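Visitor: Sharing a structure here in structure tokens format.
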Amino acid sequence: NSRHRGLAILTDMKGKILHAFNDPVRNYAWMHIEMTPKGELFALGKDSHIVKLDWNSEPIWRQSLRVHHDLSVAPNGQVFVLVRIAQRYTISGTELPILDDRIYVLSSKGQIKRWASLFPIVKHLVPKARFADVEREVKNKRKALTIASPAETGDVLHTNSIEVLARDIPTVAPAGSILLSIREINRVVIIDA
């Protein structure tokens, strides 16, 4: 898929185009796509929505969320997707704007079942100097406690990938756990689902 258009192309091993999917409702750029064994397609419109399309690019469902980077479909059909939300957190007595990553769990029909915030779980892994940078930026710019862009200092996690473990990893994690790659803290972590 192109990160500049709502288009996904299925090719054979020689590059011959076999099929194309596109977003018939809005032509948002797709940040990430995943195809199901049934030939359906999940697509993430960066910071706007997740859509599930049938083979003919007709929406099966669409959910408006500030999704980004990745999704994972569990064996039971639930969809785990990364969502970013600007939040205020008190760090060492100072309220700071943090771009928090959340994991949203959607039913196979696209309804929000639950969500979990990652920042409270992994904030101890964020270097204190990073929080000092956020505080300095807020003070220097007299900035409102909001975050418009993941390029801003308050993006202290920036989770890039999510995967629901399909099987047990002996002595590490059971099936159903969530594997995450978090760029800004240079970590790969596994958390309970």
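The values are calculated or read from the model by the stated rules, or taken from the named source; none is laboratory data. Predicted, not measured: the structure shown is a model, and the values here were computed from it. All Cβ positions, even for glycine, are placed from backbone atoms using ideal geometry, and neighbour counts span all protein chains on display. What goes into the accessible areas is simple: the full protein's heavy atoms, side chains included, and nothing from ligands, DNA or RNA. Shrake-Rupley method; radii C 1.70, N 1.55, O 1.52, S 1.80 Å.
Visitor: Might you check whether a residue that is assigned to a loop (DSSP other than H, G, I, E, B) and surrounded by 14 or more Cβ atoms within 10 Å (Cβ to Cβ) occurs anywhere in segment 83-99?
Guide: no
Visitor: If we keep just the residues of segment 100-121 that are in contact with a Lys or Arg (Cβ under 6 Å, 6 or more places away or on another chain) and open to solvent by less than 70 Å² (accessible area, probe 1.4 Å), which is farthest from GLY176 (Cα to Cα)?
Guide: Among residues in segment 100-121 that are in contact with a Lys or Arg (Cβ under 6 Å, 6 or more places away or on another chain) and open to solvent by less than 70 Å² (accessible area, probe 1.4 Å), the one farthest from GLY176 (Cα to Cα) is ASP101.
Visitor: Right, something else. Return the residues of segment 146-193 that are at pLDDT 95 or above, surrounded by 15 or more Cβ atoms within 10 Å (Cβ to Cβ) and polar (S, T, N, Q); say none if nothing qualifies.
Guide: Hits for segment 146-193 are THR159, ASN160, SER161, SER177, SER181.
Visitor: Another question, if that's okay. Among the residues of segment 113-136, are any farther than 22 Å from ILE191 by Cβ and acidic (Asp, Glu)?
Guide: Yes, there is a match, as at least one residue in segment 113-136 is farther than 22 Å from ILE191 by Cβ and acidic (Asp, Glu).
Visitor: So, of the residues in segment 163-179 that are among the β-branched types (Val, Ile, Thr) and assigned to a loop (DSSP other than H, G, I, E, B), which turns out to be nearest to the chain's Cα centre (by Cα)?
Guide: VAL172
Visitor: Among the residues of segment 122-137, which ones are open to solvent by 30 Å² or more (accessible area, probe 1.4 Å) and farther than 17 Å from THR159 by Cβ?
Guide: LYS128, ALA129, ALA132, ASP133, GLU135, ARG136, GLU137
Visitor: Mind checking which pairs have a first residue in segment 151-163 that is farther than 10 Å from SER181 by Cβ and charged (D, E, K, R) and a second that is at pLDDT 90 or above and in a strand (DSSP E or B), Cβ under 6 Å, 6 or more apart or different chains?
Guide: Hits for this filter: ASP155/LEU99.
Visitor: Here's another thing I want to ask about it. Within segment 40-62, can you find the residues that are farther than 14 Å from ARG84 by Cα, surrounded by fewer than 19 Cβ atoms within 10 Å (Cβ to Cβ) and in contact with a strand residue (DSSP E or B) (Cβ under 8 Å, 6 or more places away or on another chain)?
Guide: Result: GLU40, ASP54, TRP55, PRO59, ILE60, TRP61, ARG62.
Visitor: In segment 33-41, is there at least one residue being charged (D, E, K, R) and part of a strand (DSSP E or B)?
Guide: Checked segment 33-41: at least one residue is charged (D, E, K, R) and part of a strand (DSSP E or B).
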